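Each value in this text was obtained by applying a stated rule to the coordinates, not by laboratory testing. Note that the coordinates shown come from a computational prediction; the quantities given were computed from them, not determined experimentally. Glycine also receives a Cβ, built like all others from the backbone with ideal geometry; neighbour counts cover every protein chain displayed.
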Amino acid sequence: MPFDDLTALDDDALLVLYANGDPAAARVLTRRLAPIVQSHATRLTGNLSDAEDITQEALLRLWRIAPEWRRGEAKVTTWLYRVTANLATDRIRRRRGGSVALDAIADPADDRPAADAVLQDKARVAALDRALQTLPDRQRQAVILRHIDGLTNPEIAEVMDIGVEAVESLTARGKRGLARALEGERNTLGYRDDT
Amino acid sequence: MTHDQDHDFAELDGLFAAARRTGATLPEARLEHLTAQALAVQAEGPAPRSAPPRPRPLMRFLLGIGGWPALAGLATAGVAGLWIGAMPPAFVETIAAQVTASTDAAEDDLYLVDPLPGYPLALELGDGS
């Protein structure tokens with residue numbers, strides 16, 4: 001592919017290239033960031049259709065602010081997580097009590113483990129997503145950012161505009177809430193044998 | 001059945017790991033659509049910045065002479081000029097007197113010059129005979 005050489009660049013550098021009119025940067029950034037945004041939005045909203053709309057809107061906003069992006073001031077992904085969370089909050093408020101789209105969790109594309117392991121992973125992730133939807137919005141956001149998206153507590157604090165201690169409190173309470181919500185599904189998730 | 005908290009959290013970590021393994025994989029058509037959107041915004045170029053409002057004539061004059069500091073200097077010079085005119089210091093009066101005197105003499109000289117003396121005028125008019 002003609003844009004292979006750009007894949008080694010970080011998001012900041014690619015966004016500058018995008019703003020300068022480099023079409024290859026647009027392709028690389030889209031393929032890198034869209035899955036991150038859509039995965040995060042899916043777990044925040046519990047709805048694939050909403051997540052797709054949020055992904056499109058969040059990326060559109062990124063493209064529009066690209067010419068004014070100041071390198072080194074904030075990480076592109078941090079900015080995107082924040083925009084995604086804001087868009088998701090709007091959706092959740094408009095659609096309280098909506099259904100959880102279990103199909104939102106796509107199968108892994110490559111290097112997939114054995115079929116039974118994939119099925120078990122899928123069942124476990126679906127249960128986790130159901131449990132996540134029982135948490136208050138801020139706890140859910142903090143838990144997803146920390147334990148699924150892999151952000152550090154200071155990064156989450158920046159995304160959520162709160163202190164690090166508040167992040168720790170939200171994630172701890174969120175995990176306790178998840179444990180309670182998943183208590184009844186231990187056997188169906190295969191943890192009796194695994195643990 | 002009850003479990004201690006650490007045990008529950010250990011199982012949660014396994015669920016989180018499974019969630020990380022099954023991150024969203026977007027269909028190719030969807031990625032192409034999002035890429036087309038990115039390229040379309042890129043082709044539009046940056047949003048045009050609105051032109052700053054054109055300053056009024058008085059403001060243009062002010063900017064032309066150097067802005068408010070220049071206007072302050074101009075005002076100070078004007079007030080100083082008025083003050084010197086109304087209450088001139090002694091040395092200014094002396095200089096003024098000298099200048100006036102020399103000017104008076106020159107004016108007197110000027111008035112004494114006859115630009116059209118009577119004889120040439122008579123010749124011009126042809127009644128010099």
**OP:** Using label points projected 7 Å from each Cα along Cα→Cβ, tell me how many nm separate B:R21 and A:N20, to one decimal.
**Re:** 4.2
**OP:** Count, for each residue of B:24-31, the Cβ atoms from other chains sitting within 10 Å of its Cβ, then give me the mean as a whole number.
**Re:** 6
Original post:
So, by mean Cβ neighbours within 10 angstrom, what's the order for A:64-75, B:23-34, B:69-80 with the highest one leading?
Top reply: B:23-34, A:64-75, B:69-80
Original post:
Taking each residue of A:28-41 in turn, how many C-beta atoms of other protein chains fall within 10 Å of its C-beta, and what is the average?
Top reply: 4
**OP:** Please give, to one decimal in nm, the separation of the simple spin-label points placed at B:A122 and A:D53, each 7 Å out from Cα toward the Cβ.
**Re:** 11.5
Original post:
Once you put a point 7 Å from the Cα of B:M87 and another 7 Å from the Cα of A:L119, both along the Cβ direction, what distance in nm separates them?
Top reply: 10.7
